[in-house]
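J.: Structure provided below as structure tokens; questions to follow.
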Amino acid sequence: MDCLKSQRTEVLDLVMPTGRRSAWYAHSEAILQTLLCSEDQKESIEGVERILAIRGEGDPDTQLGDSSVRTRRTPDINCDASSIGDLISWSDGVSEPPFTCLLSTSEVNNVIKTPMEV
């Protein structure tokens, strides 16, 4: 991520329009899935915490994610991001990955110890 910030303005002006069009792949579901599969425990913890925030309060043994059909809009990219978790805004329109919707909150918490494999 830091390599973008170190580029000259002319280079960024050429590259970022393409990067923004490709932001489809930076949807919250994809970023969360990447965090959950990471070998870096800090990233796994961030992914789990974000999913728990999306789910809200509930019984950890029975609460599942929302697997209903949802609209998907291309997120705005934060060009100053220094980590994958900072790449998008987490304020609205975020959803958890389909792979975790059928996992209980307790099972999602286990990803901290053992990264998720897809």
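J.: Listing ARG20, ARG50 from the residue with the fewest other Cβ atoms within 10 Å to the one with the most, what is the order?
T.: ARG20, ARG50
J.: List the relative contact order of the chain as a percent without decimals, with contacts defined as Cα pairs under 8 Å and 6+ residues apart.
T.: Once divided by the residue count of the chain, the mean separation gives 39 percent.
J.: FRET efficiency for PHE99 and ASP76, Cβ-Cβ distance as r, R0 = 25 Å, nearest 0.05?
T.: Computed FRET efficiency for PHE99 and ASP76 comes out at 0.55.
J.: Here's something else I'd like to know. Between ILE45 and SER22, what FRET efficiency follows from the Cβ-Cβ distance if R0 is 35 Å, with the result rounded to 0.05?
T.: The value I calculate is 0.80.
J.: Using helices alone, I'd like the mean residue ellipticity at 222 nm for the chain: each DSSP H run of four-plus residues gives -39500 (n - 2.57), total over residue count, nearest 500.
T.: -12000 deg cm²/dmol
J.: Still on this structure: Per-residue HN-Hα couplings for segment 86-95, Karplus 6.51 cos²θ - 1.76 cosθ + 1.60 at θ = phi - 60°, whole Hz, x for Gly and Pro?
T.: 8, 5, 10, 7, 9, 7, 8, x, 9, 9
J.: Dipole of the chain, Cα-centred, from +1 at each Lys and Arg C-beta and -1 at each Asp and Glu C-beta, to the nearest 20 debye?
T.: 440 debye
J.: Continuing with the same structure: Can you quote the Å³ per residue value for the convex hull of the Cα atoms in the chain, rounded to an integer?
T.: It comes to 104 Å³ per residue, whole-number rounded.
J.: Could you work out how far apart the two model spin labels at ILE112 and SER89 are, taking each label as a point 7 Å from the Cα in the direction of the beta carbon, and quote it in nm?
T.: Going from the ILE112 label point to the SER89 one covers 2.9 nm.
J.: Counting other beta carbons within 10 Å of each residue's own, what order do THR18, THR71, THR34 fall into, fewest first?
T.: In order of increasing Cβ crowding within 10 Å: THR71, THR18, THR34.
No lab work stands behind these numbers, since they all come straight from the coordinates. Note that this is a predicted model, so its numbers are computed, not measured. Virtual Cβ from ideal backbone geometry, glycine too; neighbours counted across all protein chains shown.
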